[in-house]
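Structure, as structure tokens:
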Amino acid sequence: MRITVYAVTPVLVSARECAGRSDGENKGMNVGFIGLGNVGAKLAGSVLRNGFSLSVHDINKDAAQALLDGGAGWAATSAELAENEM
């Protein structure tokens, strides 16, 4: 299953739908996140900490460094993120 997120609201809905799952159950769900500003980086970090496979994109790759260090994948463009199967 591939979920690509283009706004904050779908992330919150997806995270709520999967709340309470063990890490093993979340591992099969890939989440793509675009935009890692003040709010986006925190939300994406929460997705990663909750055991989801995460790919990220931002116009500034430095904004993603902490997430990349934590195991997130990088997509150079939003199109690459949408097409990428981690």
Given the structure, is Gly40 part of a helix (DSSP H, G or I) and at pLDDT 80 or above?
yes
Segment 63-86 residues that are over 15 Å from Val31 (Cβ atoms), paired with ones that are modelled with pLDDT of 90 or more and not in a loop (DSSP other than H, G, I, E, B) (beta carbon under 7 Å, 6 or more apart):
Ala63/Ala41; Thr77/His57
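To keep it simple, each residue is scored yes or no on (1) assigned to a loop (DSSP other than H, G, I, E, B); (2) at pLDDT 85 or above; (3) surrounded by fewer than 19 Cβ atoms within 10 Å (Cβ to Cβ); (4) in contact with a Lys or Arg (Cβ under 6 Å, 6 or more places away or on another chain).
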{"position": "Ile3", "(1), (2), (3), (4)": "no, no, yes, no"}
{"position": "Pro10", "(1), (2), (3), (4)": "no, no, yes, no"}
{"position": "Arg16", "(1), (2), (3), (4)": "no, no, yes, no"}
{"position": "Glu25", "(1), (2), (3), (4)": "no, no, yes, no"}
{"position": "Gly32", "(1), (2), (3), (4)": "no, yes, no, no"}
{"position": "Leu36", "(1), (2), (3), (4)": "yes, yes, no, no"}
{"position": "Gly45", "(1), (2), (3), (4)": "no, yes, yes, no"}
{"position": "Ser55", "(1), (2), (3), (4)": "no, yes, no, no"}
{"position": "Asp62", "(1), (2), (3), (4)": "no, yes, yes, no"}
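The values are calculated or read from the model by the stated rules, or taken from the named source; none is laboratory data. Predicted model only: the values in this text are computed from it and were never measured. Methodologically, a virtual Cβ is constructed for each residue, glycine included, from the backbone with ideal geometry; neighbour enumeration extends over all protein chains shown.
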